[in-house]
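Trainee: The structure is given below, and queries will be raised subsequently.
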Amino acid sequence: MLTQIQVAFYLDHGYLHVPEVFTPVEVDELSVEMNRLMAEWATTNQGWTGPWRKAYMDAATEQKSKLTAMHDLHFYSAPWMRAITSPKVAAIMADLLGPNVELHHSTMHVKPPSTGHPFPMHQDDPFYTHENGEYIDVLVHLDDTFHANGEIRFLDGSHKLGAIKHVTETEQGRCSPHLPFEDYALESTVPVSAKKGDLVLFSIYTIHGSYINTTDKARRLVRVGYRNPANKQLAGQSLGRPGLIVAGYRERQDGQLPFAVEA
Ligand SMILES: O=C(O)CCC(=O)C(=O)O
């Protein structure tokens, strides 16, 4: 699926924009399902916590800023299940992680209109820590993205740093993992605008973030995590849960037991 140039770009920069993976018909179906999931299953709240909020937003905006989110859309919607296990997405993942690829999770991130939640600079590793970097997050775009609605932005080449310690606690208590905003600025990142139906993918170690949505429309995307099945998860979201094999085979590791069928 990917050219050698695309694979080399990912290895060098830690991210890759893959246009037009889903057709307009597929996007329309996913979009309808997404709206239904947003209405019936998702939660809208203040989103990620931490001192970065006051650095990114004035007090009034910070109070209003919200995120609509839910995990694992593919447990609720057959079109989403088909999309994220589709042979074309699996083939892209196999080109970067392969030959064996396991689906780990899917997570909806919707920035509601006008003050939709910005994301502080962070790696995804603290949210679902793995033994190594053979893990890729894929953003399935359902809306065109640009500066005003908070397109995804990357710190070029930052995946080469490996896992970095994040701020997870302040004097006020625990907060969402993020990098100190004094040292990691959104201004120093590369914006990657995309069209609906495009994928933007990045390493679990690539530092990224996004600005607030200032437009009058929601910015909808879904992040999907894929890994080499041999890359053991150590902590975080969906720890210990097996995922579907979307490409190749689950090679048996030394001493590995089959999955338990009874509690
Ligand atoms: O939705 C965004 O703009 C950022 C998403 C993000 O940071 C993430 O999925 O880790």
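The values are calculated or read from the model by the stated rules, or taken from the named source; none is laboratory data. What you see is a predicted model; the values in this text were computed from it and never measured. Cβ: placed from backbone, ideal geometry, glycine included. Neighbour counts: every protein chain shown. Only protein heavy atoms, including side chains, enter the accessible area calculation; ligands, DNA and RNA are left aside. Shrake-Rupley method; radii C 1.70, N 1.55, O 1.52, S 1.80 Å.
Trainee: If I ignore ligands, DNA and RNA and count only protein heavy atoms, how much of Ile84 is accessible to a 1.4 Å probe, in Å² to the nearest 10?
Mentor: Around 10 Å² of this residue is reachable by solvent.
Trainee: Could you give the length gained on full extension between Ser238 and Thr23, defined as 0.36 nm per residue of separation minus the Cα-Cα distance, in nm?
Mentor: Numbers: separation 215, 0.36 × 215 = 77.40 nm, distance 3.01 nm.
So the chain would gain 74.4 nm between Ser238 and Thr23.
Trainee: Right, something else. Can you give the angle from 0 to 90° between the axis of helix 87-97 and the longest principal axis of the chain, with both taken from C-alpha atoms, to the nearest 10?
Mentor: Tilt relative to the chain: about 90 degrees.
Trainee: I've got another one for you. Between Arg219 and residues 5 or more places away or on another chain, which pairs have amide H atoms under 5 Å apart, with H built 1.01 Å from N, and which residues are they?
Mentor: Distant-sequence amide H within range of Arg219: Lys111.
Trainee: Go ahead and estimate [θ] at 222 nm for the chain from helices alone: -39,500 (n - 2.57) per DSSP H run with n ≥ 4, summed, over the residue count, rounded to 500.
Mentor: Result for the chain: -6000 deg cm²/dmol, rounded to the nearest 500.
Trainee: Would you kindly derive the ³J(HN,Hα) couplings of region 45-53 from the backbone phi angles with the Karplus curve 6.51 cos²θ - 1.76 cosθ + 1.60 (θ = phi - 60°), listing them in order in whole Hz, with x for Gly and Pro?
Mentor: In residue order, the calculated couplings are 8, 5, x, 6, 9, x, x, 4, 4 Hz.
Trainee: OK, next. Given R₀ = 41 Å, what would the calculated FRET efficiency be for Glu169 paired with Ser86, taking r from the Cβ atoms and rounding to 0.05?
Mentor: 0.55
Trainee: Over the Cα atoms of region 157-263, what radius of gyration and what Dmax do you get, in Å?
Mentor: Over region 157-263's Cα set, Rg and Dmax evaluate to 18.2, 54 Å.
Trainee: Can you give the log10 of the normalised intensity I(q)/I(0) at q = 0.07, 0.12 Å⁻¹, computed with Debye over equal Cα scatterers of the chain?
Mentor: -0.23, -0.71
Trainee: While we're looking at this one, here's another question. Once both labels are modelled 7 Å past Cα along the beta-carbon direction, what's the Ala230-Gln4 spacing in nm?
Mentor: Computed distance between label sites Ala230 and Gln4 equals 2.4 nm.
Trainee: Give me, ordered by chain and number, the residues 5 or more places off Met121 or on other chains with an amide H under 5 Å from its own placed amide H.
Mentor: For Met121, the qualifying residues are Leu179.
Trainee: How far is helix 4-13 tilted off the main Cα axis of the chain, in degrees rounded to 10, range 0 to 90?
Mentor: 50 degrees
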